[in-house]
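Before any comments, here is the structure.
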Amino acid sequence: MAAHAPVRPYRILLVEDDPADALLVEEALLDGSEGDRSLVQMSDGVAALEYLRDPAQPRPDLIVLDLNMPRMSGAEMLKILKQEPALKAIPVVVLTTSAADEDVASAYATHASAYVVKPVNLDDFIEAVRNIDTFYRELAEHLPGDPRNGG
């Protein structure tokens, strides 16, 4: 029987300015994760881009991005992120309160991987976040060369 390579942590960057929503996302993602997930939270696009551009920081496997934030909105951050060769392949899920057609269209036009409207009901919110996590960790194919693909 072949030995399995150690599983590296699955890294998530949460860009969310609302402390209550950030806490809910963190609890939904990390509850029962047995230490295989790590989450870093930034409160706006400026801080998130600084983090992503810092070579000392590990590259996240997924970015969960709110749209409505101070200093730099999620929409602005997404546009910049997807123009940077070193960062553009990171999947970005927009998780926001806005269901406006123009926000959805803009997010997809700037290459968001998915757009999820934050459910108002607490249980539905947690389930939505866990569904995002399950999809990206267990179902989605990852880029060739990604250690999770054995490459």
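The values are calculated or read from the model by the stated rules, or taken from the named source; none is laboratory data. Quick caveat: nothing in here was measured; it's all calculated off a predicted structure. Positions of Cβ are backbone-derived with ideal geometry, glycine not excepted, and every protein chain shown enters the neighbour counts. Ligands, DNA and RNA are excluded from the accessible area calculation, which covers all protein heavy atoms including side chains. Shrake-Rupley method; radii C 1.70, N 1.55, O 1.52, S 1.80 Å.
Summary of values
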{"quantity": "Inter-residue pairs, beta-carbon under 8 Å, first under 14 Å from G74 (Cα atoms) and in segment 86-115, second open to solvent by 40 Å² or more (accessible area, probe 1.4 Å) and assigned to a strand (DSSP E or B), 6+ apart", "calculated": "T96/V117; T97/V117; S98/V117"}
{"quantity": "Criterion (more than 19 Å from V15 (Cβ to Cβ) and of a type outside the set (S, T, N, Q)) met by exactly one of V116, V120, V104, V129", "calculated": "V120"}
{"quantity": "Flag for Y136 being at pLDDT 90 or above and either open to solvent by less than 30 Å² (accessible area, probe 1.4 Å) or part of a helix (DSSP H, G or I) (or both)", "calculated": "no"}
